[in-house]
1. Taking the Cα atoms of the range 101-236 alone, what are Rg (to one decimal) and Dmax (as a whole number) in Å?
2. What residues of the range 421-456 lie in the reach of a label at Gln83, counting those whose backbone N is under 18 Å from a point 7 Å from the Cα along Cα→Cβ?
3. For the range 321-403, take N as its residue count and report Rg(C-alpha) divided by 2.2 N^0.38 Å.
4. For the range 125-131, in order, what is each residue's ³J(HN,Hα) by Karplus, 6.51 cos²θ - 1.76 cosθ + 1.60 with θ = phi - 60°, in whole Hz (x at glycine and Pro)?
5. What net charge do the residues around Arg54 carry, taking every other residue with its C-beta under 13 Å from that of Arg54, with Lys and Arg at +1 and Asp and Glu at -1?
6. Using the heavy atoms of the protein chains and a 1.4 angstrom probe, tell me the accessible area per residue for the range 342-466 in square angstrom.
7. Can you give the helix-only mean residue ellipticity at 222 nm for the chain, where every DSSP H stretch with n ≥ 4 adds -39500 (n - 2.57) and the sum goes over all residues, rounded to the nearest 500 deg cm²/dmol?
8. Could you tell me the calculated FRET efficiency between Ala303 and Leu472, based on Cβ-Cβ distance and R0 = 56 angstrom, to the nearest 0.05?
Amino acid sequence: MSVLTFTDQYIGGKWIPSASTETVDVLNPATEEVIAAIPAGGAADVDAAVAAARSAARAWGASHKDYRLEFLGHLVAKLAEAQPEIVETVVAELGCPVGFATAVQAGLPLGVAESYLRILADYEFEEQVGNSTVYHEPAGVVGAITPWNYPLHQIVAKVMPALAAGCVVVLKPAEDTPLTARLFARLIDEAGFPPGVFNLVTGTGAAAGAALAAHPDVDMVSFTGSTAVGRQVAEHAGRGVKRVALELGGKSACVVLPGADLAKAVNVAVANVFNNSGQTCSAWTRLLVPEEQYAEAVTIAAAAAAKFVPGDPTSPETRVGPVVNAKQRDRVRGYLNDAVGEGARVVVGGAQAPDDLPTGFYVRPTVLADVTTDMAVAREEIFGPVISVMSFHDAEDALRIANATEYGLAGAVWAANDNEAVAFARRMDTGQVDINGGRFNLAAPFGGYKGSGVGRELGRFGLEEYLQTKSLQFRVA
Ligand code: NAD
């Protein structure tokens, strides 16, 4: 495959040469080949992008929502048309299997984008509170920093509500998946948005990301990524008294209470973790089952895991591709080796390279048994296809284990009935819980408790993250 070399950034409604001559290579994780090089933008590109955004902020922010809806509608149409190209790009730069990429990597952001057309059409930006008129006004210039695991979804989940709210955006996407971000910028351009409303700066987190997070003319930073980087972003935002939204890591628990459908719960949990090669922040990486049913649960998990054979992501049969890069592969394998050293048992998978896949950043989908709360695999985010099966004595013990991490992003409860599951879920320190197999809802608020973050994305709650309120008081006759 030929290497595409890009030298431009999307700033002020145009593709202009990056101020940086350095580049970052983009690799195909399945072939390990360099497929593109993108500019490693730094402070100068960020300055130009923020200035372009600032000059567009007042008019876009003061516009009627119907005006913004027109452009956002064009963008949704472009996203729909570009579905095959989005799939091809995400498969190439993330190594995501084509089936999952079609349904989720391309389909989910289209659904989210469409949802914001309805939300904006219905939203009232003005309300009466006693003798005050309260206006919901845009936060201003938004610095959006996104990760690579769901490259387009993470972008759309920030940019759509921000633009709908009347904010303007400078996006710094993950350096592993910038081609999806460039494709998105092209669709914005084709949709005809006013110059400066959306700007893209590619580059490393340490240079472009840090410059954007610390920029004095950025009013709000919306960051999705690791908790370690999220802390740094929050420190910058704190110094500048900026608004900040943080969507961070997770170590979510799937709790199967006595009386639940064990086979169904375990099968759903294994797929939940192995999809996207385990690179899902909300994945239920800890499976908690009653000790009386432990052996049975491990057997079911092993059978479910055997269906996830790593392979070529371009094949429609493949359910698990590689992980995103060599560092991530080595990190996951390191966790597996440490887990075995700490007394965990590998039921399926393990740290050794998969058979017949000498090339590509592949990790064996792994089921670990005999995992206890003191082990690193039970506390830290692995971000690979690894599920840890843990046992509990009773519901109180299950709750203690479920809450025994610094994270609190998602989770699941399976019980004999919804009432019992809800009673348990209400005591979990986490932002989202799926009850007895409840499906993902793209209009429900998504975000974390504790170390998993601050703020919510998606739906009306996601729009309101980008709004600030002003109240005008009137004399009462
Ligand atoms: P990361 O934190 O390394 O990088 C995320 C983004 O931040 C990238 O664009 C990166 O370039 C940038 N960045 C890195 N250092 C920076 C700095 N010093 N200042 C500003 N920006 C910087 O995370 P990752 O490896 O890209 O993604 C994986 C992590 O993201 C996992 O921990 C995962 O749980 C988390 N995640 C969370 C959610 C969520 O919604 N809660 C969603 C997806 C991923």
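The values are calculated or read from the model by the stated rules, or taken from the named source; none is laboratory data. Only a predicted model underlies this, so the values are computations on that prediction, with no experimental measurement involved. Counting neighbours? That spans all protein chains shown, and the Cβs are built from the backbone with ideal geometry, glycine included. These area figures cover heavy atoms from the full protein model, side chains too; ligands, DNA and RNA do not enter into them. Shrake-Rupley method; radii C 1.70, N 1.55, O 1.52, S 1.80 Å.
1. 15.8, 52
2. Flagged as within label range: 442.
3. 1.16
4. Taking θ as phi minus 60°, the curve returns 8, 9, 8, 9, 10, x, 8 Hz for the range 125-131.
5. Surrounding charge for Arg54 is -2.
6. 41 Å²
7. The per-residue figure over the chain is -11500 deg cm²/dmol.
8. Details: r = 64 Å, r/R0 = 1.14.
The formula returns an efficiency of 0.30 here.
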